[in-house]
4 protein chains.
Amino acid sequence: MTLTRDLALDPAVSALLFIDVQNFSCHREGGEFKHLSPQELEQTCGWYFKELETSVVPNMQAVQAACREAGIEVLYTTIESLTLDGRDRSLDYKITGFNVPKGSWDGKVIDAIAPIGDEINLPKGSSSVFISTNIDYILRNLGVKQLVLCGMLTDQCVESAIRDACDLGYLVTQVTDACLTLTPERHDQSIKTIKGYCRQITSAQLIEEIGSKPTA
Amino acid sequence: MTLTRDLALDPAVSALLFIDVQNFSCHREGGEFKHLSPQELEQTCGWYFKELETSVVPNMQAVQAACREAGIEVLYTTIESLTLDGRDRSLDYKITGFNVPKGSWDGKVIDAIAPIGDEINLPKGSSSVFISTNIDYILRNLGVKQLVLCGMLTDQCVESAIRDACDLGYLVTQVTDACLTLTPERHDQSIKTIKGYCRQITSAQLIEEIGSKPTA
Amino acid sequence: MTLTRDLALDPAVSALLFIDVQNFSCHREGGEFKHLSPQELEQTCGWYFKELETSVVPNMQAVQAACREAGIEVLYTTIESLTLDGRDRSLDYKITGFNVPKGSWDGKVIDAIAPIGDEINLPKGSSSVFISTNIDYILRNLGVKQLVLCGMLTDQCVESAIRDACDLGYLVTQVTDACLTLTPERHDQSIKTIKGYCRQITSAQLIEEIGSKPTA
Amino acid sequence: MTLTRDLALDPAVSALLFIDVQNFSCHREGGEFKHLSPQELEQTCGWYFKELETSVVPNMQAVQAACREAGIEVLYTTIESLTLDGRDRSLDYKITGFNVPKGSWDGKVIDAIAPIGDEINLPKGSSSVFISTNIDYILRNLGVKQLVLCGMLTDQCVESAIRDACDLGYLVTQVTDACLTLTPERHDQSIKTIKGYCRQITSAQLIEEIGSKPTA
């Protein structure tokens, strides 16, 4: 085993995971924003949606296409309860007031990067997908050793996933320009905090790396 | 805390779990039996289906009705992959050759005890629901301390669930006449082996116990 | 990946685990038997200790020596609390009344197969070592894929470990004549029940298999 | 259940956990610093050790004394392998080069807050104590619902523990002036990032809160 985090992806043992790229939190009409007036939305989330629409989602689409092309497993996790009333959510989500009911539009991955074919989506009820879903079990069964992460929020669910994945022995690649949070300061700060736990590259670098490999 | 396994259910902290009561393994046309001719099915599974139809399923229905009436959470787990091709299954299920594709008829709970309303079903890809799903996390969020188990096979998935649930600190009640396996000998043997890990009562006893409590 | 349970050990990805081969439960003066008079001990455990001393422990010693010789990791787990008063034990062990205090003689592996050098011992507070310890995490870090199990009781802690290890994706080898429980009937019954979850071979077969491999 | 993070401790269901307050990382002669000359140590860690010695350790001692007085369980986790050569560590620690051998001085809690009596210490081989140890299992058996965290580094092992504990349903209290990392900027940033996952109070506030309760 090579003892480094700077390891190019081996498609046969790699997976791409999109975190919380769903209507609830990535669509202007999503549940997370419904209590905001248009003015408030623009004020608090104006930068976020602009970044999302002009940069982050296009980067995600490019990464998704490259991974699919290379035969890399693509997975999704979204905040979604297993019930309508959310009684199965974490205590933390209950306190926060987050409930994305089972089967709701809010719980769906946004159309721009919607799952196709036989791709896996894991509904989750807490910040870290490794705590509230059986993703570690699934990745084990898929033979995954290297995990590529994109999504939001950079400093919340994404950062928690990076920390836990790293501790669990996955070699984590964070696609920095395919992650987003509510302000550029928070995004940059998280990237800096987390850099010891993963490899950080841009979507362009990742796509070049994947493209330079012979297809699986 | 009372240090005994012989504790009547407190509906507020109890849940009923049905294990693998699904078309795949509980319907004569289920996937587990499709390689058998009618004669072979009768020969190898004649006792099983007769027990199921005349006794076990009616007992399950009665237990289910009593738990719903008392406000006890009713959950289900079924063998079902998160994919069509089953690549997310356990290595064990891959070796065995079990694959119940996502969304298939085989993966559905049998009509007789079908989930209603906001009840939870957890698809699983291994014998023990505690290893291959996040049920422990879900039960924690639901506040469950006492777990009632029914289903099949008594000596396989049910026994594994009892062992793990017990180790995890749940007070487990096995409804012995709402569990089934392929022969009466195997059933009786498992009941005997597992008796130190749980409380074992009949469906009639359970229903009486629940009925004697004021409704939640 | 070869989809079979009948795979000879690859020493580089194999480990041997001894379960509960400790003074508490394998020594005539162990805590589990201290409430018994010599006559009662002979009556209830006479067969057990005779088997243990004349057959099972010698088999364990031979398996242990062969594994060490082949460079196979040797691990141990013993019932032992992390405290003197046992407050960290599982609810099940509290109900049963089992408490092997931290650091006690009862918690030590028996002299005949005592750990040497840098071998790992994991204290556990429930039946299944996979539920109450971090062994899955440790085996992952060690790169273990194939797990050899010996110990006692065949139908309790050993069987629980086999079930969970199998579900977790380990290829499990049970050394049938290096496992023991209180009666030959219970031992034989468990071996039969569990045979779909593992490969079952004798200590002689295992030693021959290991010996026929070039040393790692 | 009260849906708030701002809940005063109930000693009967609370525990205090010290994270990595050990010679390796909290003593000027600890292993983490042994490659530094005295000048380099002063330059890179001067602020850290001054804070530690003049403020953080005294705060920890006060919190520890108050918790012990109130009958609150006090636990510790330290970076320490289960082996001498560290083969059981996480891949991440192997890459980083951290190995605190089993039983070493580096792995001991610093004298100033050393465990006494029957207190529990959990050796860990990764950043988050919830990933690499069985602490969740232990806390469950202890009946803990509220977890107080102190230690270092604020933005690494402490932050990971807060995130995971929160997701797992514990009500977390971070004692902000009993946590430390290498610079004040990093400390403040982490406190800000993590504030949605826990209650943050000072050691003085915690001690007052505990003191105002009748002793258990």
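The values are calculated or read from the model by the stated rules, or taken from the named source; none is laboratory data. Here the structure is a predicted model, which means the values were calculated and not measured. FYI the Cβ positions are ideal-geometry reconstructions off the backbone, even for glycines, and counts take in every protein chain you see. Keep in mind that these areas ignore ligands, DNA and RNA; they rest on the heavy atoms of the full protein, side chains included. Shrake-Rupley method; radii C 1.70, N 1.55, O 1.52, S 1.80 Å.
Here are some notes:
- Centre-to-centre separation between the Cα atoms of the range C:119-137 and those of the range C:167-203: 19 Å.
- Label geometry 7 Å along the beta-carbon vector: A:E209 inter-copy distances in nm: 3.9, 4.2, 5.5
- Taking amide hydrogens as placed 1.01 Å from N in the peptide plane, the amide H of B:R199 sits under 5 Å from those of B:V172, B:T173, B:Q174, each at least 5 positions away in sequence or on another chain.
- Legend: residues A:R68, B:R199, sorted from most to least accessible area (1.4 Å probe; ligands, DNA and RNA excluded), read A:R68, B:R199.
- Among the residues of C:9-21, the average count of other protein chain beta-carbon atoms within 10 Å of the residue beta-carbon is 0.
- For the D-to-A rotation axis, chain D residue with nearest beta carbon and its distance in angstrom: D:Q189, 3
- Whether the range A:25-151 is rounded, prolate or oblate, judged on the alpha carbon gyration tensor where a/c under 1.5 counts as rounded: oblate
- When only alpha carbons are used to place a centre, the range A:13-79 and the range D:143-163 end up 30 Å from one another.
- Percent antiparallel among DSSP beta bridges (both partners in the protein assembly as shown, rounded to 5): 5
- Our helix-only sum for the protein assembly as shown, with -39,500 (n - 2.57) per DSSP H run of n ≥ 4 divided by its residues, gives a mean residue ellipticity at 222 nm of -10000 deg cm²/dmol.
- Distances between copies at C:K34, taken between label points 7 Å from Cα along the C-beta direction, are 4.0, 5.9, 6.2 nm in increasing order.
- Cα gyration tensor shape for the protein assembly as shown, rounded if a/c is under 1.5, else prolate or oblate: rounded
- Mean partner shielding of peptide B:78-86, defined as the number of other chain Cβ atoms within 10 Å of each residue Cβ, is 3.
- Averaged over the residues of C:139-149, the number of partner chain Cβ atoms lying within 10 Å of the residue Cβ comes to 3.
- Pairwise burial A:B, computed as accessible area of each alone minus the pair, summed, 1.4 Å, Å²: 1900
- In nanometres and ascending order, the distances from the D:P115 label point to those of the other copies are 1.5, 4.2, 4.3 (point 7 Å from Cα along Cα→Cβ).
- The range D:155-216 shape via C-alpha gyration tensor axes, a/c threshold 1.5: oblate
- Cα-centred dipole magnitude for the protein assembly as shown, charges only on beta-carbon of K, R (+1) and D, E (-1), debye, nearest 20: 0
- Counting only DSSP beta bridges with both residues in chain C, the antiparallel share comes to about 5 percent.
- Violating pairs (Cα-Cα greater than 23 angstrom) within the set C:K94/C:K124; A:K102/B:K94; C:K145/D:K108; C:K94/D:K145: A:K102/B:K94; C:K145/D:K108
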